[in-house]
Amino acid sequence: MLGTCPDIAFAVIKMSQFLANPSQDHLEKAMYIMRYLVGTQDYHVVYDGRINEGLIAHTDSDWASDPIKRQSTTGFFASLASGIVCWQSHLQKTVALSSTKAEYMAMSDTCRQIMWIQSLFQELGYNLAPTPICGNNQGSIFIRSNPVQERWTKHIDIRYHYICECIKDGKVSVYFIPGNENPADMFTKNLGAIDFLRFRKHLRIKSLDDKFQHLNGSRT
């Protein structure tokens, strides 16, 4: 999951919360993940440098999804050359009092990862344009894009306001994307098969057979 299989990120992170005392149901779900891996063992992340697609990130959160601690789940990924290069799914450190705050915190975590990637490219001699970050919450985008802070934003940990500075400095830009079109949704919750397969295509995860067919078709 950490290196080659972003499509099982949420499932693995969720299962890891029950490592200390798993039930029979958890063991059955773990075997389900293993069967999925066996069925997709010839799948790989595919990159296409010919399309000239730069760095872009998608972020999402699932508000108060943890039934015990009521913490929200953050999920995001960044892609380059149309293929995923980094991803993360984790519970937020503090409890968000609204879905807007949860989305705001998720996008700030995404921004810090993007800043690390930009720093790496600068060391290699490449200066990137402002990186687009796509989210599906209008309220959180308003907070990030406007210098006026509403009263309730004071309850958000100050470290999450870092993204406002990055937007002001022109390092990233934020965009709205409808929730049903946000592929980062698969990093925050257990999706149905149709949505899961639809969003998996955005990660450019394909089987070797599909890859070879594409190459053969382009040569002909």
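Here is a yes/no grid of residues against (1) of a type in the set (Gly, Ala, Ser); (2) at pLDDT 90 or above; (3) out of contact with any helix residue (DSSP H, G or I) (no Cβ under 9 Å at 6 or more places or on another chain); (4) more than 20 Å from PHE199 (Cα to Cα):
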| residue | (1), (2), (3), (4) |
| --- | --- |
| PRO6 | no, yes, no, no |
| LEU27 | no, yes, yes, yes |
| TYR36 | no, yes, no, no |
| LEU55 | no, yes, no, no |
| HIS58 | no, yes, no, no |
| ALA64 | yes, no, no, yes |
| SER72 | yes, yes, no, yes |
| ALA78 | yes, yes, no, no |
| LYS101 | no, no, no, yes |
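Taking ILE13 as meeting all but one of (1) more than 20 Å from THR73 (Cα to Cα); (2) modelled with pLDDT of 90 or more, write down the number of the exception.
So ILE13 meets the others, but not (1).
Show the residue pairs meeting these rules: Cβ distance below 8 Å; 6+ apart or different chains; first residue within the range 109-125 and closer than 14 Å to TRP87 by Cβ; second residue open to solvent by 50 Å² or more (accessible area, probe 1.4 Å) and basic (Lys, Arg).
Within 8 Å, the pairs are ILE114/LYS171.
What are the pairs, 6+ residues apart or on separate chains, where a residue within the range 176-193 that is modelled with pLDDT under 90 has its Cβ under 8 Å from a residue that is in a loop (DSSP other than H, G, I, E, B)?
Note: pairs meeting the criteria are GLY179/ASN136.
What's the total number of residues in the range 5-52 that are closer than 20 Å to GLN88 by Cβ and touching a Phe, Trp or Tyr at 6+ places or on another chain (Cβ under 9 Å)?
Looking only at that region, the number is 8.
Return the total of residues in the range 15-62 being over 25 Å from ILE117 (Cβ atoms), among the hydrophobic types (A, V, I, L, M, F, W, C) and open to solvent by 60 Å² or more (accessible area, probe 1.4 Å).
Total meeting the criteria: 7.
So, in the range 63-92, of the ones that are within 13 Å of ALA102 (Cβ to Cβ) and of a type in the set (Ser, Thr, Tyr), which residue ends up surrounded by the most Cβ atoms within 10 Å (Cβ to Cβ)?
The first filter runs over the range 63-92 and keeps only residues within 13 Å of ALA102 (Cβ to Cβ), leaving 63-66, 70-76, 90-92.
From what's left, of a type in the set (Ser, Thr, Tyr): 65, 72-74.
Details: SER65: 17, SER72: 24, THR73: 23, THR74: 27.
Result: THR74.
For the range 120-163, give me the residue count where each residue is open to solvent by 50 Å² or more (accessible area, probe 1.4 Å), at pLDDT 85 or above and over 19 Å from the mean Cα position of the chain (by Cα).
Total meeting the criteria: 9.
Could you count how many residues in the range 82-110 are more than 11 Å from the chain's Cα centre (by Cα) and either in a helix (DSSP H, G or I) or within 25 Å of ARG200 (Cβ to Cβ) (or both)?
12
Residues to consider are SER65, SER79; find the one that is within 17 Å of the chain's Cα centre (by Cα), over 18 Å from ILE163 (Cα atoms), part of a strand (DSSP E or B) and of a type in the set (Gly, Ala, Ser).
Details: SER65 fails: part of a strand (DSSP E or B).
Testing whether each residue is within 17 Å of the chain's Cα centre (by Cα), over 18 Å from ILE163 (Cα atoms), part of a strand (DSSP E or B) and of a type in the set (Gly, Ala, Ser) leaves just SER79.
Any residue in the range 25-52 that is over 12 Å from VAL12 (Cβ atoms) sitting within a Cβ distance under 6 Å of a residue that is assigned to a helix (DSSP H, G or I) and open to solvent by 80 Å² or more (accessible area, probe 1.4 Å)? List the pairs, counting only those 6 or more apart or interchain.
VAL46/LYS211
The values are calculated or read from the model by the stated rules, or taken from the named source; none is laboratory data. Given the structure is predicted, the values throughout are model-derived calculations rather than measurements. Positions of Cβ are backbone-derived with ideal geometry, glycine not excepted, and every protein chain shown enters the neighbour counts. We work out accessible area using only protein heavy atoms, side chains counted, and drop any ligands, DNA or RNA first. Shrake-Rupley method; radii C 1.70, N 1.55, O 1.52, S 1.80 Å.
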